[in-house]
Amino acid sequence: MDQTVTIQAPDGGKAQRVYLLLRDEIVNGGYAVGGALPGELRLAERFGVSRVTIRRALDRLVRDGLVQRRAGSGTTVRAPGGSQGAVMADFATLMPQVVEMGLATTARLLSFSYAPAPPGVSQAMGLAAGERVQRAVRVRLIDGEPFSHLTTYVPEAVAQGYSEADLATSPLFRLLERSGVQVERATQTISATLATPDTAEALDMAVGAALVLLTRVVFDEKGRGVEHLTALYRPDRFKLEMTLDRVGEADARSWAPVATPHAKEKKAR
């Protein structure tokens with residue numbers, strides 16, 4: 001039986017907007033695990049809402065398990081619970097499929113800049129505090145229609161091997177290889193999230209619509225983080241298939257997944 005995961009935003013337009021924006025910052029690595037969110041007063045000033053609205057948004061983040069609130073210590077970001085949705089990527093099988101999808105679709109570059117890595121991104125990639133990264137935001141399209149919103153962070157030293165124009169026309173994985181990076185492994189999580197106003201506009205969706213969320217951190221042969229990707233997919237235009245291979249011997253045999261991403265072709269009208 002198919003299972004459907006439903007994510008509910010807090011009631012009220014203002015609280016919903018704040019919740020979505022804070023949730024997006026947390027899942028995109030804007031805060032390190034264990035790091036503190038700004039206080040209610042600062043958040044209220046930042047978003048131009050009341051502290052009551054901020055509390056409602058924070059309460060929803062608590063129920064989602066993204067943050068915890070303790071008297072005297074404020075609101076802190078929680079580590080993801082368990083390993084549900086976690087996939088260890090096999091680059092011998094997964095990455096050729098990712099590159100193939102990149103070549104079969106087109107991309108539109110929305111932003112491109114260099115700045116210190118956000119705390120959560122720095123923590124996930126094992127970067128030094130304050131280390132600069134290249135941040136790029138792209139929308140990938142199939143048949144002229146958007147299906148994914150991609151935010152990538154690459155260490156500045158690695159990103160010097162390609163240009164802004166290259167990123168707008170070539171899959172990032174190929175650009176990393178061209179820069180001399182020898183990719184060894186990746187960690188990847190797949191879950192669900194809700195479309196923020198900016199993401200909804202880029203993907204031509206309603207604010208608060210459900211999205212597939214994929215987060216991947218790529219490491220080179222020396223164990224250094226070389227890419228942090230947050231990918232948001234329209235579920236009606238993207239699917240992730242898995243081929244399960246039976247591996248091992250005797251009682252130790254188990255299933256080994258091989259993930260294959262696909263952008264869904266637009267149906268003829």
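Apart from one condition, Gly144 fits all of (1) closer than 22 Å to Arg237 by Cβ; (2) surrounded by 16 or more Cβ atoms within 10 Å (Cβ to Cβ); the exception is (2).
Residue by residue through segment 117-134, note down the ones that are under 27 Å from Ala195 (Cβ atoms) and either hydroxyl-bearing (Ser, Thr, Tyr) or more than 13 Å from the chain's Cα centre (by Cα) (or both). Within segment 117-134, Ala117, Pro118, Pro119, Ser122, Gln123, Met125, Val133, Gln134 meet the criteria.
Residues checked against (1) modelled with pLDDT of 85 or more; (2) out of contact with any strand residue (DSSP E or B) (no Cβ under 8 Å at 6 or more places or on another chain):
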| site | (1), (2) |
| --- | --- |
| Val49 | yes, yes |
| Thr75 | yes, no |
| Arg78 | yes, no |
| Gly81 | no, yes |
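Take the conditions free of Cβ contacts under 8 Å to residues at least 40 places away in the same chain, among the aliphatic types (A, V, I, L, M), closer than 20 Å to Thr105 by Cβ and surrounded by fewer than 21 Cβ atoms within 10 Å (Cβ to Cβ) and apply them to Val247. Does it pass?
Details: free of Cβ contacts under 8 Å to residues at least 40 places away in the same chain: yes; among the aliphatic types (A, V, I, L, M): yes; closer than 20 Å to Thr105 by Cβ: no; surrounded by fewer than 21 Cβ atoms within 10 Å (Cβ to Cβ): yes.
So Val247 fails the test.
For segment 35-47, the set of residues classified as assigned to a helix (DSSP H, G or I) and touching a helix residue (DSSP H, G or I) at 6+ places or on another chain (Cβ under 7 Å) consists of Glu40, Leu41, Leu43, Ala44, Phe47, listed by residue number. Across segment 23-34, the qualifying residues are those that are crowded, with 16+ Cβ neighbours inside 10 Å and either over 22 Å from the mean Cα position of the chain (by Cα) or part of a loop (DSSP other than H, G, I, E, B) (or both), and the one among them that is modelled with the lowest pLDDT is Asn28.
No other residue among Ala168, Ala195, Ala186 is assigned by TED's automatic domain parsing to the domain that holds Thr215, within 15 Å of the chain's Cα centre (by Cα) and modelled with pLDDT under 90 apart from Ala186.
Selection within segment 190-226: residues that are in a helix (DSSP H, G or I) and among the hydrophobic types (A, V, I, L, M, F, W, C). The member of this set that is surrounded by the most Cβ atoms within 10 Å (Cβ to Cβ) is Leu203.
Count of segment 176-186 residues, restricted to those that are surrounded by 15 or more Cβ atoms within 10 Å (Cβ to Cβ) and assigned to a strand (DSSP E or B), is 2. Among the residues making up segment 95-118, those that are of a type in the set (Ser, Thr, Tyr) and modelled with pLDDT under 85 are Thr105, Thr106. When Val154, Val121 are checked against the criterion of being among the aliphatic types (A, V, I, L, M), within 21 Å of Ala32 (Cβ to Cβ), modelled with pLDDT of 90 or more and assigned to a strand (DSSP E or B), Val154 stands alone in meeting it.
The values are calculated or read from the model by the stated rules, or taken from the named source; none is laboratory data. All figures in this text were calculated on a predicted structure; none of them were measured in a lab. Using ideal geometry, Cβ is built from the backbone for each residue, glycine included, and neighbour counts are taken over all protein chains shown.
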